[in-house]
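As structure tokens, the structure follows; a few thoughts come after it.
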Amino acid sequence: MSLTLQEFEERVLELARRRAEQAEVFSVETVETPVAFEANRLKQLRTHRSRGVALRVIAGGRLGLASTTLLENPEDLVRDALAAAQFGAQAGFELPSTIEASPPAVFDPAVEALSVDEMVEIGQRMIDRARAENAALLCEAHLDKVVSTVRLHNSRGAAGSYCGTSFSLSFGVNLIRGTDMLDVWEWQTSRRLDIPSDAMVETVLHKVRLAERTAKVPTAQLPVILSPKGAGSTLIESLASGFNGKIVLQGASPVGDKLGKKAFSEKLTLYDDGLLDYAAGSAPFDDEGVPTRRTALVTEGVVTAFIYDLFTAYLAGTQSTGNAERSLSSLPSPSLHTVWMAPGDASLEDMLADIQEGLLVDQVMGAWAGNILAGEFSGNVHLGYRIEKGQIVGRVKDTMIAGNVFQALGNIAAIGRELYPVGGGLRLPYIYLPALGVASKDA
Amino acid sequence: MRDQLADALKAGAGADYVEIRLQRSESTHLSYRGREIEQVGRTTGLGGAVRALVKGGWGFVSFNDLADLRASVELAVHQARLVGREETRFAPAEPVVDIVRPALGKDPRQISLADKKRLLDEYNEVIWRTSDKIQTSIIRYHDLSRLSYFANSEGSYIEQEMVDMSLVVVAVARDGSDVQQAFLSRGSAGDFSALENLHSEVEDAARRAVRLLSAKPVKGGTYTVIIDPRLAGVFIHEAFGHLSEADHVYENERLRELMQLGRRFGPPELNVFDGAAVPGLRGSYRYDDEGVPAHKTYLIREGVLVGRLHSRETAGKMGEAPTGNARAINYQFPPLVRMTNTAIENGTVPFEDMLADIQLGIYAKDAYGGETTMEMFTFSAAQAFMIRNGQIAEEVRGVNLTGNVFETLANIEAIGNDFRWNHSGGGCGKGGQSPLPVDEGSPHIRVRNVVVGGE
């Protein structure tokens, strides 16, 4: 006979605490309802109900993990975790004995109350608007609502839970002329119902208009403006691993030995933030019960902090920064909440006006496939525009950009004065780099 | 189980089509960071999903609690009704009743955690003793066994078991602030021995990481490129495989025109296929997640588009036959049209002949990965050398290549005679479902006019 999730968790903790020095039970229960529009029309409605439990033990001084979605036998889960602990990492840290919650708001009743009909209506309106402007556009819209409950309790007495909501919206269009394909997309995730769907369509349509004509850029070092989205998929993703305490501890971070030292342009100030209200990456406490916080990673070019979970902090002889993140089937690991960059003072127009010949990069493909550890990136400019005498003159194709993020952020020409949400985890401005490697197909 | 599923399917009466998948799984993972073990864990799972089709609209419900089964069928049908506005065109498939147990080599479930750890300890030791420039190591091992029960409203009932393993060994070398990495990636469907005795390959990866410290970043530009079988497999997966997945094409009129069967994409020497019916690979199976038997499908024959990969829906809408390519990474997702084992068939040109007349080019080997947006794609080399005057010259790094499907395949100048499958431990991602076990294969190929990113 199946137990309820809570009964199962209680039983697991009770059994585990008798046989391990420390034990911790983590569970997630989720109801997710995605609505998919494909090829201009409603295609699929889905409902996902999932729940699962993870048990982490420290037994014989070693870490073990087991997880399950099968709530039949608490003894099996405990046995699996103890078996894993025979071979696990030596761990001398203590789990928290209380959980003090941080303040960010993570639950929006309006998201919980949002009906499938309303989601369908939002998607349909976006598609109707886009098609009214250009009937040749093939539109795709994905709306996704998630309500989840996270629960954590451990053998040292800490217990906490929270219910979070999240709403994601993505909108993309495809336009084919001859053998030329144009794809433009936008997506955002928020814990609140605050994503401006109408503005998202207008942004996509604006980018389609800018791509009306094609243009070429030479193979050369050129001034490049990265849009918030372009900066996210080139600079920030490769930068992020360098601030992960685990990578630092291993000596594999290029900035690992730069704490307190200047490693970037003084224009760069970068935060990781677990406290932003309704941000997708915010939570009252992290996945092992440590309150979340705001951490300045880079302050005016100086490396000011790395991020840690409890185990990594123990190994590094420091404190957790409340950045533990885990899936049910893995141990917690340091992970960023929301990364945001302190805005600068330039407008996009200022940046463009400064460029005789250059490139505006918005969507980049394949830049993740490289030596991320060293901050090296190289990717196809999937959506980007040639800048000529301060004007955007056409879309470039078959063009690569490449560079090293640590060098690129050492020499920044300007940072935009407005932040834009990128996906769920970033808030970034436009970034203007005086020179980046550009390669394009020979004429 | 069969009766239980058949009974639940009755709640879907009135829908055009309903299917149920239940899956029971267990997996083990071990990982290392540096000299010490990082994680050891075991996961067991039970879950299921119902998918329903009404008037061309889909409903899908996944769950962990089997008590929800009947209610999930009703909800999936209800959702499909809300969506369905047209007629259902779903290609017919013969109902199948079958029980499939895979042919296993060394079953990872029969190997103790202690023995698995001992093997990984050996590999880790190999990395660390290779050079004092080794800064750290990362090792990830994962095995998964899964028993799936599939039943649909047409009378199919299939029990199918799969066992999949992957191993990734990364060596990280450091010199001052320069950090370089190289890796070995291996996977296997059902045979742990494929992951054993890789000590010399692990050592090679460690040496490559150290060597990369003295390699210069590649200079960006347009080059003639020789691509080794491993990277060429990823190339064909990205360059053409994804565009062959009919769900990208079937509802896009313009793309359908561009992807007319009979269109020439490459030289007459080029033959490309995909198929789960090719046995013993990570993308192999007997039935796909719609219960359609696996095929081997030629995508390109003698340079000409001759086929594509289908689910029952895309086949029905395009008036073609299903190919057994509907796959879901697990019960939490509906099946999508996916590749299985994708390859460029063997050609005739020896490697030396490819090299001989290249004045300035790049020899790109081993894959970090790749990505596509259908027209343009990237594929990234984990190792690369300049070619100068017909000779392999100095090593370069950071080689990410881009191509355009309407030009790059036509720019293939030579296809080698040294075909092999990758057997890599990675996987494919699509629609949020990643990593799906696939394999790729190819001989060496030579392509002109490839844009390479660089400073």
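The values are calculated or read from the model by the stated rules, or taken from the named source; none is laboratory data. Computed from a predicted structure; not experimentally measured. Heads up, the Cβs are rebuilt from the backbone with ideal geometry, glycines too, and the neighbour counts pull from every protein chain shown.
What to note about this one:
- B:Asn124 meets each of the listed conditions (1) buried (at least 21 other Cβ atoms within 10 Å of the Cβ); (2) under 23 Å from the mean Cα position of the chain (by Cα) apart from (2).
- Any hit, segment A:202-220, residues being in a strand (DSSP E or B) and more than 19 Å from the chain's Cα centre (by Cα): yes
- So B:Val225, is it assigned to a strand (DSSP E or B), within 14 Å of another protein chain (Cβ to nearest Cβ) and β-branched (Val, Ile, Thr): yes
- Scanning segment A:172-201 for residues that are more than 19 Å from the chain's Cα centre (by Cα) and among the acidic types (Asp, Glu) yields a total of 3.
- Checking each residue in segment A:48-78 for being among the basic types (Lys, Arg) and free of Cβ contacts under 8 Å to residues at least 24 places away in the same chain picks out only A:Arg49.
- Considering residues of segment A:175-203 that are aliphatic (A, V, I, L, M) and within 14 Å of chain B (Cβ to nearest Cβ) only, the residue farthest from A:Ser227 (Cα to Cα): A:Ile176
- The single residue among A:Ile392, A:Ile387, A:Ile372 that is assigned by TED's automatic domain parsing to the domain that holds A:Asp257, touching a Gly at 6+ places or on another chain (Cβ under 8 Å) and of a type outside the set (D, E, K, R) turns out to be A:Ile387.
- Candidates are the residues of segment A:15-47 that are assigned to a helix (DSSP H, G or I) and in contact (Cβ under 8 Å) with a residue 40 or more places away in the chain; the one that is nearest to the other protein chains (Cβ to nearest Cβ) is A:Ala16.
- The numbered conditions (1) in a helix (DSSP H, G or I); (2) buried (at least 21 other Cβ atoms within 10 Å of the Cβ); (3) within 14 Å of chain A (Cβ to nearest Cβ) are all true for B:Leu255 except (2).
- Selection status of A:Ser166, in contact with a Ser or Thr (Cβ under 7 Å, 6 or more places away or on another chain), without any contact (Cβ under 8 Å) to a residue 24 or more places away in the chain and part of a strand (DSSP E or B): no
- Selection status of B:Ala382, more than 30 Å from B:Lys216 (Cβ to Cβ) and crowded, with 24+ Cβ neighbours inside 10 Å: no
- In segment A:114-142, residue nearest to B:Glu251 (Cα to Cα) [restricted to those that are part of a helix (DSSP H, G or I) and touching an Asp or Glu at 6+ places or on another chain (Cβ under 9 Å)]: A:Ile127
- Qualifying residue in segment A:367-384 (condition: surrounded by fewer than 22 Cβ atoms within 10 Å (Cβ to Cβ), under 30 Å from B:Ala173 (Cβ atoms), at pLDDT below 95 and within 14 Å of chain B (Cβ to nearest Cβ)): yes
- Residue in segment A:71-82 that is farther than 28 Å from A:Val31 by Cα and either surrounded by 21 or more Cβ atoms within 10 Å (Cβ to Cβ) or within 12 Å of chain B (Cβ to nearest Cβ) (or both) present: yes
- Counting the residues of segment A:248-280 that are modelled with pLDDT of 95 or more and among the β-branched types (Val, Ile, Thr) gives 2.
- Among the residues of segment B:59-81, those that are surrounded by fewer than 24 Cβ atoms within 10 Å (Cβ to Cβ) and either of a type in the set (D, E, K, R) or under 22 Å from B:Tyr250 (Cβ atoms) (or both) comprise B:Asp65, B:Asp68, B:Arg70, B:Glu74, B:Arg81.
- Residue in segment A:94-135 that is nearest to B:His29 (Cα to Cα), counting only those that are surrounded by 14 or more Cβ atoms within 10 Å (Cβ to Cβ), within 14 Å of another protein chain (Cβ to nearest Cβ) and touching a helix residue (DSSP H, G or I) at 6+ places or on another chain (Cβ under 9 Å): A:Val116
- The set of residues in segment A:366-408 that are over 19 Å from A:Leu210 (Cα atoms) and either in contact with a His (Cβ under 9 Å, 6 or more places away or on another chain) or among the basic types (Lys, Arg) (or both) contains only A:Gly366.
Matching residues to (1) at pLDDT below 95; (2) within 24 Å of B:Ala49 (Cβ to Cβ); (3) surrounded by 21 or more Cβ atoms within 10 Å (Cβ to Cβ):
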| residue | (1), (2), (3) |
| --- | --- |
| B:Glu269 | no, no, no |
| B:Arg282 | no, yes, yes |
| B:Tyr285 | no, yes, yes |
| B:Leu299 | no, no, yes |
| B:His310 | no, yes, yes |
| B:Gly319 | no, no, no |
| B:Met339 | no, yes, yes |
| B:Pro350 | no, no, no |
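- Members of segment A:14-58 that are surrounded by fewer than 21 Cβ atoms within 10 Å (Cβ to Cβ) and over 30 Å from B:His78 (Cα atoms): A:Glu14, A:Leu15, A:Arg17, A:Arg18, A:Arg19, A:Glu21, A:Gln22
- Which listed residue, of B:Ser137, B:Ser177, B:Ser156, is among the hydroxyl-bearing types (Ser, Thr, Tyr) and buried (at least 23 other Cβ atoms within 10 Å of the Cβ): B:Ser137
- Residue within segment B:312-328 that is under 30 Å from B:Gln23 (Cα atoms), in contact with a helix residue (DSSP H, G or I) (Cβ under 6 Å, 6 or more places away or on another chain) and within 14 Å of chain A (Cβ to nearest Cβ) present: yes
- Qualifying residue in segment B:17-31 (condition: buried (at least 22 other Cβ atoms within 10 Å of the Cβ) and aromatic (Phe, Trp, Tyr)): no
- Test: residue in segment A:349-367 that is of a type outside the set (Gly, Ala, Ser) and closer than 30 Å to A:Ala159 by Cα: no
- All told, B:Phe192 falls short of being of a type in the set (Phe, Trp, Tyr) and within 30 Å of B:Asp16 (Cα to Cα).
- The single residue among A:Ile355, A:Ile387 that is more than 9 Å from chain B (Cβ to nearest Cβ), part of a loop (DSSP other than H, G, I, E, B) and closer than 19 Å to A:Ala413 by Cα turns out to be A:Ile355.
- Within segment B:86-116, the only residue that satisfies the criterion of being within 26 Å of B:Ala182 (Cβ to Cβ) and more than 14 Å from every other protein chain (Cβ to nearest Cβ) is B:Pro108.
- Hits in segment A:396-435 (condition: free of Cβ contacts under 8 Å to residues at least 60 places away in the same chain and either of a type in the set (S, T, N, Q) or in a loop (DSSP other than H, G, I, E, B) (or both)): A:Asp398, A:Asn404, A:Gln407
- Scanning segment A:390-418 for residues that are in contact with a Leu (Cβ under 6 Å, 6 or more places away or on another chain), at the interface with chain B (Cβ under 9 Å from one of its Cβ atoms) and β-branched (Val, Ile, Thr) returns a single hit, A:Ile401.
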